[in-house]
Each structure stands twice: as structure tokens, then as C-alpha cells.
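Undergrad: Here it is: the structure, laid out below.
The values are calculated or read from the model by the stated rules, or taken from the named source; none is laboratory data. Source: prediction; values computed, not measured. For neighbour counting, all protein chains shown are included, and Cβ atoms are generated from backbone atoms with ideal geometry for every residue, glycine included.
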Amino acid sequence: MTDRLRVALTEVSTAASAFSESTTDYDQLLAAITRSCARALKSTCSLSLFDDDEVMLTPVAGYDDDPKVLAALEVMLQKPRHYERSLVGQLSPASGNAFVPEVDLAVMRERLAPDALEFLEIANIRGFIAITMRVRGETLGVLTVLQHDRTRPPLDDFDHEIATHLANLAGFALSNARLFRRAQAELVGRQSAEQIATDLRASEALLDSVLENIPAMVFMKDAKELSFVRFNRAGEELLGVPRTQLIGKSDFDFFPRDEAEFFVAKDRETLRANEVVDIPEEPIRTAAGERWLHTRKVPITDEHGKPRYLLGISHDITRQKRDMELLEAARDVAEAANKELEAFSYSVAHDLRAPLRAIDGFSQALLEDCAEALGETGRDYCKRVRASAQRMAALIDDLLMLSRVTRTIARSQNVDLCELFRTSVATLQASEPGRTVETEATGMLMALGDPKLLAIMFDNLVGNAWKFTARSPSPKISLRMTKVNGECVYCISDNGVGFDMAYSHKLFGVFNRLHTDAEFPGTGVGLATVHRIVTRHGGRAWAEGEVGEGARFYFTLGDTKGR
Amino acid sequence: MNGQVILLVEDNRDDEELTLRALAKSNITNRVVVVRDGVEALDWMFRRGMHAGRPETDVAQVLLLDLKLPKIDGLEVLRQIRANSATKLTPIVILTSSVEEQDIVRGYDFGANSYIRKPVDFTQFVDAVKQLGMYWLVLNQPVPR
């Protein structure tokens, strides 16, 4: 065996083991191919690979022991090249194997395209071998060996044979590496596909449990046939039909014709418009009788925007609807009752007073015209008749006031309570000019409330204080305000006869009186009116007192929160 | 002076009697014409129907009008009197039982000159009638004819 053969065999076997080791690392394999080839043939080696279409060649690796040559090579072999314009493509398209030991530019000019010729000239190539790598019917690329060192013997048939073997080996190694890569990619792809499937199953399971447990009927219909493809538990419970009987059927199989037609019309409308349709109220006949639904119909389209399914979500609003109807009925009744009360009050005001006027008036006529005939007892009786008639008139007036307080629509305005207090005092003073009562309510005391109702309340409270201080040696009435836990508490106090706290609970009831009419006249309606006014303002009223020690009437006007 | 009458529109016989008594006690000597429902009141004012033949010289110096009346109510009577150019200046005093706010407001709205609630206490009623007569029959200067 010659030294040359031994060296070549060593190079080839080294290359073979390097190639097989590099099966899993593609870039390392490309480098190993060019390096082995360059060393075996003591030349420059470059490797270009075909794109998928097997037309364009892209340089992927190059090697020369001399780094300067390598750098120059890399610059020259950057661009992809059409196979038909490559050295081998032009010189030996049939065999795919070109061997030119000595480049004769004159001959080459005849056979090569100008750019290929230019490359040979510029790189000062002496000779070259270019081999197309074909493995298992696949054309992989071109391995090119370039000799530019003119001090060495030119490339010969032995070099050509070794290059051909190396190209063959490299081709198999590349093919294997590619197969490996493809297999790996497929494996990865399969794994991610499995992951996607798992994720999909998980999100489907989530959707399923949401649909199953949502307290609204959810159904899905096929867009074409409008037959049910999906149905949830709330839907089964609502309709009283198991989904196994529903899937694949249409509305016409379950509902009366007019209802089914309505549903289907709404379905078609939803799908045609391709937008959500809201049906605030629709009746539906179920196993448990008629129910009312609030339904939203949603078109579900495929990736091309064509309707594929119709999604329906229905809330059972039967109860709300029934409650609303009951509420409306109750309101109508209340309104009617209020109207009736108004008519009643009007008639009380007008009709009940007329006979009282006659009783009082004719009793007085008797007293004037027949005084002699009546005698003293008769005249006394006539006076009692008149007093009773007038008392009844006062009762009627106070009751009317009480009912008016209830009927009045309260408005909220800024009201000066001190002003109301002084107005009430002034009215009382005018009715009894002879009395001297010390009053205390200076400045302003602003509160939010209905001015008319509050005026009525002050007339009552101040009127009471005025009345019950009639026998006090130095009567005094005052209005004060204190804040208790941020709430305004108003107090009208007097130093009159007071009352026994044991009866304080009876103070604010209608017709409840703690004094006889002989002691202090009154109807027993005033404080009931006060209580109602305070309540209508969202406040409270209470009283404190002691017999002979005066009374304190407290009230609030519901000003605690956000007023 | 003889033609100056008080027109009392009152359906309640007791109230009529008491009003007449109160007027007498107040020394008001004007002739009082009593009509008992809204239709009759308008007939008298417009000299038509049952009062078509009444003397043209009779003129209502003041009209005492109840609101709650048979057939046509007081507010409608008021409206028609005010709508007619011949009668629109007649002083009209509403004399009624009602102190419902809406009645008072509508009464004035329809052109009443005064609104008086009949008190139950006859003494007070006499006082009210006395003041009323004093004002409309003595103090008030009517529109010159």
C-alpha cells in the first residue's frame, strides 16, 4: 500500500466516523464534511445544499487549512446560485460529477456562463472537482473541491475517486441527519399536538361544568337544521325533558306550532343578522306549565364567518314577572285606596260639617228666639248641644289634617325651624293677646324637610306647650338642637304642667289624651299628626316629662345619612 | 237701590236659613234671591230658562256661591259667569265648607273675588257674614254701569 493510499484511507475512515458522530448535530456535520474533504485532498472544499425545490444551491460550509483562503472563500460563496449556472450544472448536468484537473480558461469560456468563469478567474483556480450528492433518489447538494496551489501536483483520478467516495459518504450522513431532524420535528409536533389536545379537553371540561351548573338554560342548535346539538341541566329542569330526548330534535317536536314558529323565526333572525338578539320576554310551555324567559340568542360562526351554531341562553323570569305584576296590582290598589281616601276626606270636610252647622246654628237660634220658653235648664242644654257640635267640628278638622299629612307629597327643602317656631308663637299670641309667654329660639336652625308639614308640626308642638303652660306663673317655651351621634335632635320644651312618664307611650296615639277636656281642651289628634310628620321625614319623636315639671318633646328629621 | 240683590246659591235648606238669619242679624237689608243649584244660578244670571222673565233691573251686587251644588257645580258656575261679558265683573264670594287647598286655588284661579269657609260656630258665621256684607255691599265701589 502506498503512503498516499494509506493517508487517503485514514482520511476517509476518519471522515466516516466524524460523519456518523455528527448525525444529531447538523451544523457540526456540515463543517466536518468540508474539513475532511479539504484535508484528504489538500485543497479548499465548499458545500452547497439545495433548497426544497432542488433548483437553487445555497452555500452552507467551506474549509481550508489556511484561514486567509477560507475568509476569501466565504466572501465569494455567499450567494445562492442556480444549479444550472454552477460548475457541475454547466459542465456535467447528466452525471452530476465534473472533474477538471487543469483549468484552461479558453476552453472554459466556451462552456461556462460568464459569472462561473469569472469565479474561476478571480479565485485563480487551477483545478476542481464538483460532485452532486444524490442519496435515496434525493438530490442533496454539491460538494466542490478547488485547487489553487500550483506548487503541488494537480488533482488526479485518485483524488477524484476519493472525493467521489467522500461525497457519497457525506450524502448519506446528510440524508441521515435530515431524517433524524425530520423525525425529531415530527416527534415534537406530535407532543405539542398531544398537549393541545389535552388543553382542549381541559377547557372543554371547564366549559362543560360551567354550562352544566349555570342556573340558566343554555342550548345550542345546528345553524342549518335548527336541531338541538347541546343542552344543559338547567334547561332539562326548566323544560322537564331529558336532553337525550332533545338532542337532534327541533322546537317543532316539543312546542306548540305558534311557539315553535316564534322561536325559529328569532333563530333565523339571529343567524341572518349575525348578531346577538335579545328577547326580553317570551312565553314557553313546559312540563310544569307556562314559564316566561328572557333569552339571548348568539350566532356562532366558523372561521369563514358562516353561521355554524346558534347559542341560546335563557333566564327563567317567571317569578320576577309575577312579582312585578303583583307589585303593579298592589300599586293600583294603593292608588285607588288613596283616591278613595281623598274623596272620603273631601266628603268629610264638606258633608259632615253641614249638619253640625245646622245643629249649632239652630241651637243658637233657639237661645236667641225662645230664651224665655226654654228656661234655664233648656238654655243650658242648648249650650251643651252647641259645645258638642263645635267640638265635633274641631275633631273633624284635626282628623282631616292628619289625613292630609299622609296624603301630601313631601318635598325636601331648606327650612328654618326657628322661623317656624316664631310663626307658631305669633299666631298663638294673636289668638290670646293677653298672655305673656317667654320664648327662646333665636337665630336660625336650618333643616331639610317639607315646609308645610313642618309648619303643621310646629303649630301642634308649640300649641301644646302654649296650652299646657297656661297656669304656669312665668311660662317659658324654647326650641333647641343638640347633636347626638352626629344626628340632629330637636327639642321643644316648656315649664307647664308636664305629664306622668308612665303614660308617655300613649302620647302619640290618635284620640289619646292625658288630660280631661275640662282641664285642657283638645282633640287628641295633634301629637299623632306630629308623629306622622316626623315619620314621613324618616325621623323619630319621643317625649320626656314629669307632673308639674314641664315637658320636653324631641324629634329628629332623618338627617343622619347623606342628607 | 231696589234692583241690587244678593244672589245666594245654596242647595242646603239649613244653610240657606242660617245664612239668611246671619244676614238679617247683620242688619243687611238687601233683597236676597236664593237659587238651589248651578243650573238655576246660571239661568238667573243670564235671564234664561226658569228665570227668563225676571226684571232686567235686578242686578246681583254680590253672589254667594257654594261649591258643591247639584247639576252644575260651583266652579263651573263661576267659570261661565266669568266667561260672559255681561256678568264677568259680578263680585263672587265662594262660601263653602271645604278648605281643601285645591278648591281654594281653583276657586281663585277661576276668578273668585273671595273665599270664605263657613264656620260651624254660628256666632263666628254671623261675624263672617257681617264683615262680608260690610265689605261688598257698603265699602266696595262696584263697576259703574
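Undergrad: Residues being surrounded by 17 or more Cβ atoms within 10 Å (Cβ to Cβ) and part of a loop (DSSP other than H, G, I, E, B): count how many of those fall in the range A:237-257.
TA: Residues that pass the stated criteria total 3.
Undergrad: A follow-up question, please. List every residue pair whose Cβ atoms lie under 6 Å apart, where the two residues are 6 or more positions apart in sequence or sit on different chains, the first residue falls within the range A:151-170 and is within 17 Å of A:LEU5 (Cβ to Cβ) and of a type in the set (A, V, I, L, M, F, W, C), and the second residue, located anywhere, is surrounded by 24 or more Cβ atoms within 10 Å (Cβ to Cβ) and modelled with pLDDT of 90 or more.
TA: Here the result reads A:ALA163/A:ILE129; A:ALA163/A:VAL145, each pair linking the range A:151-170 to a residue that is surrounded by 24 or more Cβ atoms within 10 Å (Cβ to Cβ) and modelled with pLDDT of 90 or more.
Undergrad: Give the range B:16-33 a look and list any residue that's within 18 Å of B:PHE125 (Cα to Cα) and under 13 Å from the mean Cα position of the chain (by Cα), or say none.
TA: B:GLU16, B:THR19, B:LEU20, B:LEU23, B:VAL32
Undergrad: Within the range A:354-376, which residues are assigned to a helix (DSSP H, G or I), more than 9 Å from every other protein chain (Cβ to nearest Cβ) and either under 26 Å from B:LEU23 (Cα atoms) or touching a helix residue (DSSP H, G or I) at 6+ places or on another chain (Cβ under 8 Å) (or both)?
TA: The answer is A:LEU366, A:LEU367, A:ASP369, A:ALA371, A:GLU372, A:ALA373, A:LEU374.
Undergrad: Let me ask another. Inspect the range B:77-94 for any residue being within 14 Å of another protein chain (Cβ to nearest Cβ), closer than 23 Å to B:ARG31 by Cβ and either out of contact with any His (no Cβ under 7 Å at 6 or more places or on another chain) or surrounded by fewer than 22 Cβ atoms within 10 Å (Cβ to Cβ) (or both) and give the result as yes or no.
TA: Yes; the residues of the range B:77-94 include at least one that is within 14 Å of another protein chain (Cβ to nearest Cβ), closer than 23 Å to B:ARG31 by Cβ and either out of contact with any His (no Cβ under 7 Å at 6 or more places or on another chain) or surrounded by fewer than 22 Cβ atoms within 10 Å (Cβ to Cβ) (or both).
Undergrad: May I ask you to verify whether B:ILE72 is surrounded by 18 or more Cβ atoms within 10 Å (Cβ to Cβ) and more than 14 Å from chain A (Cβ to nearest Cβ)?
TA: So B:ILE72 does not fit the description; no.
Undergrad: On to the next question. Examine the range A:12-20 for a residue that is within 20 Å of A:ALA167 (Cβ to Cβ) and touching an Asp or Glu at 6+ places or on another chain (Cβ under 8 Å), and state whether such a residue exists.
TA: no
Undergrad: Hey, another quick one. Is it the case that some residue within the range A:341-353 is aromatic (Phe, Trp, Tyr), surrounded by 13 or more Cβ atoms within 10 Å (Cβ to Cβ), within 14 Å of another protein chain (Cβ to nearest Cβ) and within 24 Å of A:ARG404 (Cα to Cα)?
TA: Checked the range A:341-353: at least one residue is aromatic (Phe, Trp, Tyr), surrounded by 13 or more Cβ atoms within 10 Å (Cβ to Cβ), within 14 Å of another protein chain (Cβ to nearest Cβ) and within 24 Å of A:ARG404 (Cα to Cα).
Undergrad: Any residue at all in the range A:326-339 that is under 21 Å from B:LYS68 (Cα atoms), surrounded by 12 or more Cβ atoms within 10 Å (Cβ to Cβ) and not polar (S, T, N, Q)?
TA: So far as the range A:326-339 goes, no, none of its residues is under 21 Å from B:LYS68 (Cα atoms), surrounded by 12 or more Cβ atoms within 10 Å (Cβ to Cβ) and not polar (S, T, N, Q).
Undergrad: Restricting attention to the range B:95-125, which residues are closer than 16 Å to B:ILE6 by Cα and crowded, with 21+ Cβ neighbours inside 10 Å?
TA: B:LEU95, B:ALA112
Undergrad: Applying the selection to the range B:21-45, what residues are under 18 Å from B:ASP58 (Cβ atoms) and within 14 Å of chain A (Cβ to nearest Cβ)?
TA: Listed by number, the list holds a single entry, B:LEU23.
Undergrad: Still on this structure, please answer the following. In the list A:ARG435, A:ARG379, A:ARG391, which residue meets the criterion of being surrounded by 14 or more Cβ atoms within 10 Å (Cβ to Cβ) and away from chain B (no Cβ under 14 Å)?
TA: Step by step, each of A:ARG435, A:ARG379, A:ARG391 is checked, and only A:ARG379 is surrounded by 14 or more Cβ atoms within 10 Å (Cβ to Cβ) and away from chain B (no Cβ under 14 Å).
Undergrad: A further question follows. Let me confirm something: among A:ALA273, A:ALA287, A:ALA265, A:ALA234, which residue is surrounded by fewer than 14 Cβ atoms within 10 Å (Cβ to Cβ), of a type in the set (A, V, I, L, M, F, W, C) and within 22 Å of A:ASN213 (Cα to Cα)?
TA: A:ALA287
Undergrad: Something else: Which of the following residues is assigned to a helix (DSSP H, G or I) and within 59 Å of the chain's Cα centre (by Cα): A:LYS467, A:LYS452?
TA: Of the residues listed, the single one that is assigned to a helix (DSSP H, G or I) and within 59 Å of the chain's Cα centre (by Cα) is A:LYS452.
Undergrad: Continuing with the same structure: Within the range A:64-108, restricting attention to residues that are part of a strand (DSSP E or B) and touching a residue at least 40 places away in the same chain (Cβ under 8 Å), which residue is surrounded by the most Cβ atoms within 10 Å (Cβ to Cβ)?
TA: A:PHE99
Undergrad: Give the number of residues within the range B:1-20 that are among the hydrophobic types (A, V, I, L, M, F, W, C), within 14 Å of another protein chain (Cβ to nearest Cβ) and in contact with a helix residue (DSSP H, G or I) (Cβ under 6 Å, 6 or more places away or on another chain).
TA: Total satisfying the criteria: 1.
One line per residue, one yes/no per condition, for (1) farther than 20 Å from A:ASN464 by Cβ; (2) at pLDDT below 90:
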position	(1), (2)
A:ALA349	yes, yes
A:GLY375	yes, no
A:ASP380	yes, no
A:ARG386	yes, no
A:LEU402	no, yes
A:GLN429	no, no
A:THR442	yes, yes
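Undergrad: Residue check: is A:ASP316 surrounded by 14 or more Cβ atoms within 10 Å (Cβ to Cβ), more than 14 Å from chain B (Cβ to nearest Cβ) and touching a helix residue (DSSP H, G or I) at 6+ places or on another chain (Cβ under 9 Å)?
TA: Yes; evaluated as a whole, the condition is true for this residue.
Undergrad: A further question on this structure: Any idea which of A:LEU179, A:LEU143, A:LEU166 is at pLDDT 90 or above, of a type outside the set (Gly, Ala, Ser) and either outside any helix (DSSP H, G or I) or more than 45 Å from the chain's Cα centre (by Cα) (or both)?
TA: The match here is A:LEU143.
Undergrad: Just one of A:THR34, A:THR24 is under 21 Å from A:ARG178 (Cα atoms) and crowded, with 20+ Cβ neighbours inside 10 Å; which is it?
TA: Answer to the selection: A:THR34.
Undergrad: Same structure, new question: Within the range B:126-144, track down each residue that is more than 14 Å from chain A (Cβ to nearest Cβ) and either surrounded by fewer than 16 Cβ atoms within 10 Å (Cβ to Cβ) or not in a helix (DSSP H, G or I) (or both).
TA: Passing the criteria: B:GLN131, B:MET134, B:TYR135, B:VAL138, B:LEU139, B:ASN140, B:GLN141, B:PRO142, B:VAL143, B:PRO144.
Undergrad: Further, regarding this structure: Identify, from the list A:SER504, A:SER474, the residue that is modelled with pLDDT under 90, touching a strand residue (DSSP E or B) at 6+ places or on another chain (Cβ under 8 Å) and not hydrophobic (A, V, I, L, M, F, W, C).
TA: On inspection, the qualifying residue turns out to be A:SER504.
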